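Novice: This structure is in structure tokens; I'll ask about it shortly.
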Amino acid sequence: MNIVVCVKYVPDAQADRTFSQDNTTDRTNVDGLLSELDEYAVEEALKLAEAGEGEVTVVTVGPDGAAEAIKKALQMGADKGVHVLDDAIHGSDAPATSLVLAEAVKKAAGGSPELVLMGLASTDGTMSVVPAMLAERLGLPQITQLSSLEIADGKVTGRRDSDAASDTLEAPLPAVVSVTDQINEPRYPSFKGIMAAKKKPVETWSLADLGVDAGQVGLESAWTKVESFTARPPREQGEIVTDEGDGGTKLAEFLAKAKLI
Amino acid sequence: MAEVLVLVDHTDGQVKKNTAELLTLARRLGEPSAVFVGKDVEAARPRLAQFGAEKVYVIDNPDVTGALAAPLAEALAAVAEQASPAAILLPTSGVNKEAAARLAVKTGSGLITDATNVEAGDSGVKTTQSAFASNFTVTSTVTTPTAIVTVKANATAPQAAQAGATAVPVEVTVSDAGKATQVTASEPKQKSGRPELTEAQIVVSGGRGTGGDFSPVEAFADTLGAAVGASRAAVDAGWYPHSNQVGQTGKQVSPQLYVAAGISGAIQHRAGMQTSKTIVAINKDEEAPIFELVDFGVVGDLFTVLPQANDAVKAAKS
Ligand SMILES: Cc1cc2nc3c(=O)[nH]c(=O)nc-3n(C[C@H](O)[C@H](O)[C@H](O)COP(=O)(O)OP(=O)(O)OC[C@H]3O[C@@H](n4cnc5c(N)ncnc54)[C@H](O)[C@@H]3O)c2cc1C
Ligand SMILES: Nc1ncnc2c1ncn2[C@@H]1O[C@H](COP(=O)(O)O)[C@@H](O)[C@H]1O
């Protein structure tokens, strides 16, 4: 089976993430990495590929640094990578990203993909909308936010939890699937994997390679516009006491004084 | 005045509070119309009328349930075509965000998710949301003729404004592609009897420091009338259900009081709780990053501190 995994290169959540002058996410001055939530999608793809015949292609739409996200996925075990890189993409919103991704996925799969795996959310944008948008653009069923996944008889089945219920969903292949961080434990790249990744093919495509008009993407064409960003004032540290046998009492006194009880 | 669609969140016609909030916000943008998916619209109409819905578009079709995004998106697109709305507001949820995503592509409309405020702006609908683990507040404008916005709970206080709530049935035929994904089984979750995490005024959470014994956390929560939360470490260990997880991949809570017991305070946990009004932590390690956020912290063992605090609060209450 031909599996395409969409991965995003994001600013590290451990770093001081911020915005650039043009109100877009600062992807230059903050260290980036493969979105941790996409590691679960890569891992699931590798498990499926290992269980049967199959090839795993990772696709990313992002700036220069996004090559790092592909590299990490290849080190984990993916077979090949595609990097859609074009200055005109800078500042694209989710609908535009999904437009580019749709063309890239089709080209990477040599027509229609059999299975597209994606993460729960990108850890920078955290919208959880690109999988549904991609499914809409590809005219495919979506089966999303799965915390378990099985492929059999041309169908994908999985568990999706909501507050009210734990549902079992089923969709025919080809389909767009997103997975949560409950689904597996992503592997660390092995030394062998790191060495092997150096020889794996990575293609870089521009918008022209995909036949996407640059006027349809980018900051100027976005359907939403960030007007302003304000850092939330840091919380001031309050009183810290060390328990000397009366820590719980002091805690209760604080709650009473703050009129919380 | 242009219409503004509000997707109704309900159980068997019992309209939830977030719908009243969205109808209140919708009045800032135009004339609110509710979109009701299901068959119990008569039970819902009085409440929708009370909060200002002039019309109620009714989609009563077994193919559209609200549990799957693709058919819901097709149904909303059908209503949007009829109403040409200035905005479509949906309560934030996993399925609603994905339905909104498909709808955005179908209708060529800008989408904002998890808004905490919605206003009329000079050049389009203006929204507020938080970014980067709530370290930033961002305002945005949707520049397309229709704005699609999913709105978080408690974005505004519901205000009544009587209106007609005239039922307008909408015929929807879901495409074969839209019907491709099916729910084949559904297991209802057990109710804890405690308040909902995202609605609770007080949340008491436990982490890896509980060692799997949540009883002091639960006892303190029950004394305070609080919801119980958990860190991902506690959930991953199987000590507490995922539906109670607080953080980036769990729930985002913003209660009056958040108590973190045996939780270190990783950025992904903070992402779910650092906008709480008051934060209290109990942790054995005085270097734990959670202490950077607290209004009051106790360096100590949660197994002695929590029970003592529990007794003291009980005594103070009686
Ligand atoms: C993509 C991604 C998403 C994530 N999403 C989430 C999320 O949604 N929510 C979340 O919580 N985490 C999330 N995490 C995980 C997060 O990074 C941390 O690993 C996790 O929050 C740690 O949980 P903890 O604080 O309970 O455990 P630890 O970090 O192990 O901390 C346990 C704390 O308990 C203290 N302790 C131990 N014994 C006692 C005692 N007897 N009394 C008092 N204190 C004691 C210790 O001093 C320590 O500070 C995510 C991570 C990633 C990569
Ligand atoms: N620029 C991108 N390149 C490749 N995949 C992406 C990109 N943006 C989002 N995705 C995929 O869509 C998922 C959800 O992202 P989001 O909707 O931004 O929260 C991610 O986990 C990725 O799998």
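Nothing in this text is a laboratory measurement; each read-out follows from the coordinates by a stated rule. Predicted, not measured: the structure shown is a model, and the values here were computed from it. Glycine also receives a Cβ, built like all others from the backbone with ideal geometry; neighbour counts cover every protein chain displayed.
Novice: When Cβ neighbours within 10 Å are restricted to other protein chains, what is their mean count per residue of peptide B:173-185?
Specialist: On the way: counts 0, 0, 1, 0, 5, 1, 1, 9, 12, 9, 6, 5, 8.
Counting other chains' Cβ atoms within 10 Å and averaging over B:173-185 gives 4.
Novice: Say R0 is 25 Å: what FRET efficiency, to the nearest 0.05, do B:THR304 and B:GLN256 get from their beta-carbon distance?
Specialist: The computed FRET efficiency comes out at 0.45.
Novice: Could I ask something else about it? Along Cα→Cβ, 7 Å out, is where each label goes; now give me the distance between the ones at B:ALA120 and A:GLN216 in nm to one decimal.
Specialist: 3.4 nm
Novice: Rounded, prolate or oblate, given the Cα gyration tensor of segment A:2-216, with a/c below 1.5 counting as rounded? Before the final figure, lay out each step's value.
Specialist: Numbers: a/c = 1.33, a/b = 1.27, b/c = 1.05.
It comes out rounded by the Cα gyration axes.
Novice: Right, here's the next one. If you stretched the chain out fully between A:GLN14 and A:GLU68, how much longer would it get, using 0.36 nm times the residue separation minus the C-alpha to C-alpha distance?
Specialist: 17.7 nm
Novice: For segment B:149-162, just list the computed ³J(HN,Hα) in residue order, Karplus coefficients 6.51, -1.76 and 1.60, θ = phi - 60°, integers in Hz, with x standing in for Gly and Pro.
Specialist: Running phi through 6.51 cos²θ - 1.76 cosθ + 1.60 with θ = phi - 60° gives 9, 9, 10, 6, 4, 6, 5, 7, 8, x, 10, 6, 7, 4 Hz.
Novice: Note the angle between two axes, namely the Cα long axis of helix B:302-317 and the longest principal axis of the Cα atoms of chain B, as a number of degrees from 0 to 90, rounded to the nearest 10.
Specialist: 70 degrees
Novice: Give me a single rounded figure for B:108-118: the average over its residues of other chain Cβ atoms within 10 Å of their Cβ.
Specialist: Numbers: counts 2, 3, 7, 8, 5, 7, 3, 0, 0, 0, 0.
What the average comes to for B:108-118 is 3.
Novice: Mind checking which lysines have their Cα closer than 16 Å to the Cα of A:LYS198? Skip sequence neighbours fewer than 8 apart in that chain.
Specialist: Output for A:LYS198: A:LYS71, A:LYS72, A:LYS80.
Novice: How long is the gain from A:HIS90 to A:ALA152 if the chain were fully straight, where each residue apart is worth 0.36 nm and the alpha carbon distance is subtracted?
Specialist: Values: separation 62, 0.36 × 62 = 22.32 nm, distance 3.93 nm.
Length gained between A:HIS90 and A:ALA152: 18.4 nm.
Novice: Can you give the longest stretch of chain A with no exposed loop site, where a site means GluC sites (Glu not before Pro) in a DSSP loop (not H, G, I, E or B) with at most 14 other C-beta atoms within 10 Å? If you can, show how the numbers build up before the last one.
Specialist: Values: sites that count: A:GLU53, A:GLU236, A:GLU244.
Between the exposed loop sites, the longest stretch runs A:54-235.
Novice: Place +1 on the Cβ of every Lys and Arg and -1 on the Cβ of every Asp and Glu in the protein assembly as shown, take the dipole about the Cα centre, and give the residue among A:PRO95, A:ALA165, A:LEU85 whose Cα lies farthest towards its positive end.
Specialist: Toward the positive end, the furthest listed residue is A:ALA165.
Novice: Right, next: Is the protein assembly as shown rounded, prolate or oblate when judged by the Cα gyration tensor, a ≥ b ≥ c being the square roots of its eigenvalues, rounded requiring a/c under 1.5 and prolate requiring a/b larger than b/c? Please report the intermediate quantities before stating the final value.
Specialist: On the way: a/c = 1.62, a/b = 1.16, b/c = 1.39.
Cα axes put the protein assembly as shown in the oblate bin.
Novice: Between B:LYS277 and B:GLU292, with labels modelled 7 Å along Cα→Cβ, what's the label distance in nm to one decimal, could you check?
Specialist: Result for the modelled spin labels: 2.6 nm.
Novice: Let me spell out the model: positive unit charges on the Cβ of Lys and Arg, negative unit charges on the Cβ of Asp and Glu, origin at the Cα centre of segment A:2-216. What dipole size does that give, in debye rounded to 20?
Specialist: Numbers: 18 positive and 34 negative charges, 116 e Å.
With Lys and Arg at +1 and Asp and Glu at -1, about 560 debye.
Novice: In addition: I'd like the chymotrypsin sites (Phe, Trp or Tyr not before Pro) in segment B:215-318 restricted to DSSP loop residues with at most 15 other Cβ atoms within 10 Å, sorted by number. All intermediate terms of the calculation are to be shown ahead of the outcome.
Specialist: Details: sites: B:PHE220, B:TRP239, B:TYR258, B:PHE291, B:PHE296, B:PHE303; in loops: B:TRP239.
Answer by residue number: there is no such site.
Novice: Now a separate question. Rounded to the nearest 0.05, what FRET efficiency do A:VAL241 and B:ALA185 give with R0 = 41 Å and r taken as the Cβ-Cβ distance? Could you check? The partial results should precede the final answer.
Specialist: Working: r = 51 Å, r/R0 = 1.23.
Given R0 = 41 Å and the Cβ-Cβ separation, E is 0.20.
Novice: Compute the Cα gyration tensor for segment A:55-107, then decide on rounded, prolate or oblate, letting a ≥ b ≥ c be the square roots of its eigenvalues: rounded whenever a/c is under 1.5, prolate when a/b is larger than b/c in the other cases, and oblate in all that remain.
Specialist: oblate
Novice: Positive end of the dipole of the protein assembly as shown, charges at C-beta (+1 Lys, Arg; -1 Asp, Glu), about the Cα centre: which of B:ALA157, A:ALA222, A:MET118 has its Cα farthest in that direction?
Specialist: Toward the positive end, the furthest listed residue is B:ALA157.
Novice: Of B:LEU23, B:SER33, B:ILE59, which is farthest along the charge dipole of segment B:13-63 in the positive direction, counting Lys and Arg as +1 and Asp and Glu as -1 at C-beta?
Specialist: B:LEU23
Novice: For segment B:235-311, which GluC sites (Glu not before Pro) pass both filters: DSSP loop (anything but H, G, I, E, B) and at most 14 other C-beta atoms within 10 Å?
Specialist: Numbers: sites: B:GLU286, B:GLU287, B:GLU292; in loops: B:GLU286, B:GLU287.
Here the GluC sites (Glu not before Pro) that fit, given the DSSP loop and packing criteria, are B:GLU286, B:GLU287.
Novice: Over chain B, with a Gaussian network built from C-alpha contacts below 10 Å, which listed residue (B:SER215, B:SER186, B:SER84) shows the highest mean-square fluctuation?
Specialist: Its mean-square fluctuation being the largest, the pick is B:SER186.
Novice: Using the structure shown, list the pairs from B:LYS17/B:LYS251; B:LYS16/B:LYS106; A:LYS250/B:LYS317; B:LYS251/B:LYS284; A:LYS47/A:LYS155; A:LYS107/B:LYS179 with a Cα-Cα distance above 21 Å, or answer none. Each step should come with its number before you reach the end.
Specialist: Numbers: B:LYS17/B:LYS251 18 Å; B:LYS16/B:LYS106 28 Å; A:LYS250/B:LYS317 15 Å; B:LYS251/B:LYS284 25 Å; A:LYS47/A:LYS155 17 Å; A:LYS107/B:LYS179 26 Å.
Too far apart for the 21 Å limit: B:LYS16/B:LYS106; B:LYS251/B:LYS284; A:LYS107/B:LYS179.
Novice: Please check: in the Gaussian network model of chain A (C-alpha springs, under 10 Å), which one of A:ARG232, A:ARG17, A:ARG160 has the largest mean-square fluctuation.
Specialist: A:ARG232
Novice: What distance in nm separates the simple spin-label points at B:GLN14 and B:GLN82, each placed 7 Å from Cα in the Cβ direction?
Specialist: Placing both labels 7 Å beyond Cα along the Cβ direction yields 2.8 nm.
Novice: Count, for each residue of A:155-163, the Cβ atoms from other chains sitting within 10 Å of its Cβ, then give me the mean as a whole number. Don't skip to the end; give the middle numbers.
Specialist: Numbers: counts 1, 1, 3, 0, 2, 6, 6, 7, 9.
Per residue, the number of nearby Cβ atoms from other chains is 4 on average.
Novice: A follow-up question, please. Count the DSSP beta bridges whose two residues both fall in segment A:2-216, then state the antiparallel fraction as a percent rounded to the nearest 5.
Specialist: Details: 16 of 41 bridges.
Among the beta bridges of segment A:2-216, antiparallel pairing accounts for roughly 40 percent.
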